[in-house]
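The values are calculated or read from the model by the stated rules, or taken from the named source; none is laboratory data. Keep in mind that this is a model prediction, so the values were computed, not measured. Positions of Cβ are backbone-derived with ideal geometry, glycine not excepted, and every protein chain shown enters the neighbour counts. Quick note on the areas: whole protein, heavy atoms, side chains included, nothing else; ligands and nucleic acids left out. Shrake-Rupley method; radii C 1.70, N 1.55, O 1.52, S 1.80 Å.
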Amino acid sequence: AQRFFSSSMSSGLVNGLHAIGADPTDYGKQVPQNGSDISGTIFDELEKNMIPWKIYIEDYDQIDNWSNTERERSLTDIPILSINRFTKNESLASNIEDLKNFYSDIRDNKVPAVTYIYLTKSKVENLNKAIESQELVTSLVYSLMKSNYWKESAVIITFNESGGWYDHVKPPRDDDGQ
């Protein structure tokens, strides 16, 4: 069965590491200067079992033009980019592509069994960005729905909200019991 994972918003370094490998190393909020040294990611298991996989990253083809801040944030939000054995190994790095290739891969029936999608520019920082991000995720899901892959797909969408759009706990009561 096809599997389609979408990490639509940043999830922070700790959550990102757990999403790809349940890495117990405490890196805090920063990727180490020489990169993360994570052995045993989901991608290692896929490689070992010869299961095709790919990671699509929004604006990845522009990575050389990213500012230092964007680059640092991407290493935190997309931890596989901080693992040298994935980015410096030509074979493994060939599984990391720009998001625009997702649409052509669907059209050309080239979507692998496991797919991760990371959005880098479509962050939920304000209402306009939230709507923009929702529209992009909708476009991705609709493209999948219209494809030959839909009947064999599972879609998992994860995101880290900005604190104002959704809270997982009830808000505290004020002094008047409201």
**Study point:** region 124-135, subset surrounded by fewer than 18 Cβ atoms within 10 Å (Cβ to Cβ) and not β-branched (V, I, T), residue modelled with the lowest pLDDT
**Key:** N126
Point to revise | Boolean, W53 is buried (at least 17 other Cβ atoms within 10 Å of the Cβ), at negative phi and among the aromatic types (F, W, Y) | key: yes
Exercise for review: Consider N95 carefully, then state whether it is of a type outside the set (D, E), under 26 Å from S139 (Cα atoms) and surrounded by 13 or more Cβ atoms within 10 Å (Cβ to Cβ).
Suggested key: yes
Review point. Taking region 83-92, which residues are part of a helix (DSSP H, G or I) and open to solvent by 20 Å² or more (accessible area, probe 1.4 Å)?
Key: N84, R85, T87, E90, S91, L92
Study note, to complete from the structure: Taking region 98-123 and keeping only residues that are open to solvent by 40 Å² or more (accessible area, probe 1.4 Å) and either part of a loop (DSSP other than H, G, I, E, B) or charged (D, E, K, R) (or both), one is left with K100, R107, D108, N109, K110, K121
